[in-house]
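Some notes on the structure that comes next.
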Amino acid sequence: GFFFCSKMNSAYSWIVIGLLITVVHAIHISTPGYEVIYSGPGGVPTPGWDTLVDPVFYSNYLSVAQFLITETQEPAYYYSSIQEVFGPPIIEVESGKGIVEPIVFGIAADGYFFDGNSYWEELPELNVYFNCQKEGRAVVSVTILSTLLIDEGSSQSSVNETITFYFEKECYSPGHRNGFSVGYNDNTENVIKHGVTQQRWVVESYYYLDKNPIIVSEEEHISYFHISIASPSYGNQFYYEPILFVEDEDMLEVQLRGNAQNGGIATSFPESLALVYDCLGEGETEVTVGIPLGFFGTIQFGFTKVCTPIGNVSEMPGLLNIGTSRQDFSGVVENSQTSLFWQVNRPEVEIPVEEIATNFYVSTSSGKMQEILKPIVTVNPPTAFTVTLSGNMRDGGVVSGSPQHFTVNYICDRVSTGTVIITIKMPNAKTVEYSYIKQCKALKRHTDQVWTANQLLFTFILCMIAIVISAYILYRKKQSTKPARKSRV
């Protein structure tokens with residue numbers, strides 16, 4: 001009975017695999033809140049997404065429509081290897097032309113290929129920035145042309161499918177963007193609150209003594225700002241790359257870093273914008289930061305930065321060596337000069353998907369000591385993956401001629417490629433930066449074959465039938481081996 005049951009399990013598995021290879025299915029589309037828009041096989045958009053008349057509504061507080069695209073979500077296909085591809089989504093303004101001019105971005109904006117081995121863990125996102133031009137309402141459609149690649153053993157075929165869904169956008173501006181916030185240091189909205197610059201951060205403040213402008217002292221070498229939406233009820237807000245203006249560029253150089261440096265989508269989860277200062281002279285100068293919000297205009301805030309000359313270089317040489325090992329201690333940066341392979345504007349080094357962390361060893365001239373601040377890690381695009389820092393130099397400190405390290409840990413939850421910029425600021429010298437490319441792959445579930453409840457029930461029934469049949473056969477065999485009774489007659 002046990003042998004028969006095991007054989008049935010094996011046979012059942014092959015039957016399931018055979019069905020999976022020949023069945024037709026389609027991609028699965030949902031919102032970030034996992035509201036289903038479309039699900040194969042042979043599906044249709046769900047109500048509200050399937051019509052031009054009264055479609056799903058995006059209010060004034062939602063400047064970006066976000067969608068997640070995966071392979072089929074049917075449990076029966078979980079361990080199947082089915083390949084699927086779709087081309088760049090087509091965006092059309094069905095009504096209200098001139099009100100919006102949609103811009104598409106995200107991993108799925110150029111199309112996508114599912115290799116069949118992702119187990120649903122690839123989540124390429126499609127973002128549609130409405131880009132309101134004037135007040136009113138517009139209906140937008142998204143069309144995706146998908147192709148399923150079917151491998152039937154001796155032959156291959158494909159099935160094409162066209163998916164179209166609709167939604168409506170309202171464009172309205174009360175003069176400022178409610179909910180949009182910018183915070184400084186540990187605060188989330190002390191710079192900009194509900195789209196309005198707070199008094200001490202107003203650009204005109206530094207021209208009037210009675211306005212009490214913000215003063216950033218000479219001891220502050222990096223300023224951290226945080227861009228967010230006050231609460232989820234205020235939706236999301238697309239913002240372009242921040243604009244920086246320094247009144248006296250001969251006195252001060254400023255670099256924008258952090259995941260907000262190239263713009264993005266403001267949500268209730270803050271993104272950091274770091275201003276890294278390199279003072280070239282002594283005095284005070286004004287710094288202005290502008291954040292373009294499209295339909296809501298550009299929000300500005302400003303402050304005064306105080307600079308002092310570079311300190312005593314005999315005590316701290318202002319030179320760093322950085323490498324990926326103690327032996328190769330200066331392969332990335334040597335005497336504060338970044339290697340050609342690690343340049344910020346054209347990185348050539350790629351970290352493969354198998355590497356989940358990278359060590360960097362920092363040192364200075366032999367016999368010298370050099371202070372460094374906490375390394376800044378910028379990922380572009382920010383959605384490619386997240387990073388954490390570990391190691392004894394993760395918060396900065398004092399380095400010597402003996403290399404000390406910090407580790408960049410990668411948290412990958414999808415197939416993606418991102419550029420990583422590492423920024424290291426020395427209080428008494430110019431900033432050191434280097435960059436590289438990181439490849440990510442989807443996380444895999446490290447489990448063996450998992451049986452569903454229906455599969456277990458079906459297998460149990462088959463095993464019970466096998467046991468009953470085996471018992472019956474044994475019973476019949478014993479009966480047939482008994483000697484026949486002699487007749488008394």
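The values are calculated or read from the model by the stated rules, or taken from the named source; none is laboratory data. Here the structure is a predicted model, which is why all the values come from computation and not from measurement. Quick reminder, even Gly has a Cβ in these numbers, built from the backbone with ideal geometry, and neighbours come from all protein chains shown. Protein only, heavy atoms only, side chains kept; ligands, DNA and RNA dropped before computing areas. Shrake-Rupley method; radii C 1.70, N 1.55, O 1.52, S 1.80 Å.
Okay, here's what the table says:
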{"read-out": "Residue within the range 261-268 that is within 16 Å of Arg177 (Cβ to Cβ), free of Cβ contacts under 8 Å to residues at least 24 places away in the same chain and out of contact with any Ser or Thr (no Cβ under 8 Å at 6 or more places or on another chain) present", "value": "no"}
{"read-out": "So Ser39, is it buried (at least 16 other Cβ atoms within 10 Å of the Cβ), out of contact with any Gly (no Cβ under 6 Å at 6 or more places or on another chain), of a type in the set (Ser, Thr, Tyr) and at pLDDT 95 or above", "value": "no"}
{"read-out": "The range 116-136 residues that are farther than 17 Å from Gly106 by Cβ and of a type in the set (S, T, N, Q), paired with ones that are modelled with pLDDT of 95 or more and not in a loop (DSSP other than H, G, I, E, B) (beta carbon under 9 Å, 6 or more apart)", "value": "Gln133/Val100; Gln133/Cys171"}
{"read-out": "Every residue from the range 231-254 that is open to solvent by 50 Å² or more (accessible area, probe 1.4 Å) and not in a helix (DSSP H, G or I)", "value": "Tyr240, Glu241, Ile243, Leu244, Phe245, Glu247, Asp248, Glu249, Asp250, Glu253"}
{"read-out": "So Ile322, is it modelled with pLDDT of 95 or more and farther than 23 Å from Gln261 by Cα", "value": "yes"}
{"read-out": "Val398 being in contact (Cβ under 8 Å) with a residue 24 or more places away in the chain, part of a strand (DSSP E or B) and open to solvent by 50 Å² or more (accessible area, probe 1.4 Å)", "value": "yes"}
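Every residue, every condition in (1) at pLDDT 90 or above; (2) in a loop (DSSP other than H, G, I, E, B); (3) basic (Lys, Arg), yes or no:
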position	(1), (2), (3)
Val104	yes, no, no
Phe113	no, no, no
Leu123	no, yes, no
Leu126	yes, no, no
Arg137	yes, no, yes
Val142	yes, no, no
Ser158	no, no, no
Ser181	yes, no, no
Glu189	yes, yes, no
